[in-house]
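Here the structure is laid out as structure tokens; the discussion comes afterwards.
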Amino acid sequence: MENSADYLTPHLVSGARILDIGSGPGSITIDLARRVAPGPVIGIEPVEAIVETATTAIPGDVDNVCFETGDVYALAHDDASFDIVHAHQVLQHLREPVTALREMRRVLRPGGVLAVRDADYGGMIWAPEIPALTNWMKIYQEMGVQLGVEPNAGRHLLGWTMAAGFETIEPGASVWTYATPEQRSFWAGTWAERVVASDFASHAVGMGLATKADLIKISEAWRVWEREPSGFFLIPNTEILGWR
């Protein structure tokens, strides 16, 4: 949680009710639950299999968290039911981020806090400049256009939050860096696999943005970058706190 939701820490108080949207494997959600116990924390995902995986990962000493399937555009919760609504790296994947933010605002109690954080792919920098990685970014950006989503969500978070009706907003930013051998191994390993065996791969080929051979070259380039002692990757993240 420290490298992903630290900006929210001052607002985590015992007893707070939290809705964590796009909770994924549940690691951040469970950390939130520990911080606000005995307050209830609910994590939602649209895919049942992800919910089941997160549920099995709940530690035995945490009894104030649960995971459920849910639709960010139609949350199955009453108006003004949560003290905090949190969404980490979610809005970049949505075709209607402002609509989703309005729904998040609906379930916040008066005085409740929205906390959203998203990366900005267009602001990412890396070294050395390997041509295949430049092609990776080009493919990712064009894929976002064709899917109708925004890879550069970070720069839009403030405007989206304002458009959703939040008037009191505290914008901020932080970065992730991958530069040590361990960090490079994690980041390169993630993408070396993802570009050849994930929705990224199937979309890239299906949309005519890359061939399978192109994707193999990109995967290999990630491993080249990983082995480079001076390899460096920086990801800017925008962080927004908004009050209902």
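The values are calculated or read from the model by the stated rules, or taken from the named source; none is laboratory data. Keep in mind the model is a prediction, meaning the values are calculated, not measured. Using ideal geometry, Cβ is built from the backbone for each residue, glycine included, and neighbour counts are taken over all protein chains shown.
Only one of the numbered conditions (1) without any contact (Cβ under 8 Å) to a residue 60 or more places away in the chain; (2) within 19 Å of Ser4 (Cβ to Cβ); (3) among the acidic types (Asp, Glu) is not met by Glu193, and that is (2). Just checking, which of Leu234, Leu215, Leu158, Leu209 is closer than 24 Å to Thr9 by Cβ and out of contact with any Ser or Thr (no Cβ under 6 Å at 6 or more places or on another chain)? Every option except Leu158 fails the conditions. Of all residues in the range 203-223, one or more are at negative phi, under 20 Å from the mean Cα position of the chain (by Cα) and at pLDDT 95 or above. Restricting attention to the range 213-244, the residues being part of a strand (DSSP E or B) and not charged (D, E, K, R) number 11. If you scan the range 1-38, which residues turn out to be over 15 Å from Val113 (Cα atoms), assigned to a loop (DSSP other than H, G, I, E, B) and of a type outside the set (S, T, N, Q)? Matches in the range 1-38: Met1, Glu2, Gly22, Gly24, Pro25, Gly26, Ala37, Pro38. Of all residues in the range 127-146, none are closer than 15 Å to Ile18 by Cα, over 20 Å from the mean Cα position of the chain (by Cα) and part of a strand (DSSP E or B). Counting the residues of the range 164-212 that are β-branched (Val, Ile, Thr), in contact with a Gly (Cβ under 8 Å, 6 or more places away or on another chain) and in a helix (DSSP H, G or I) gives 0.
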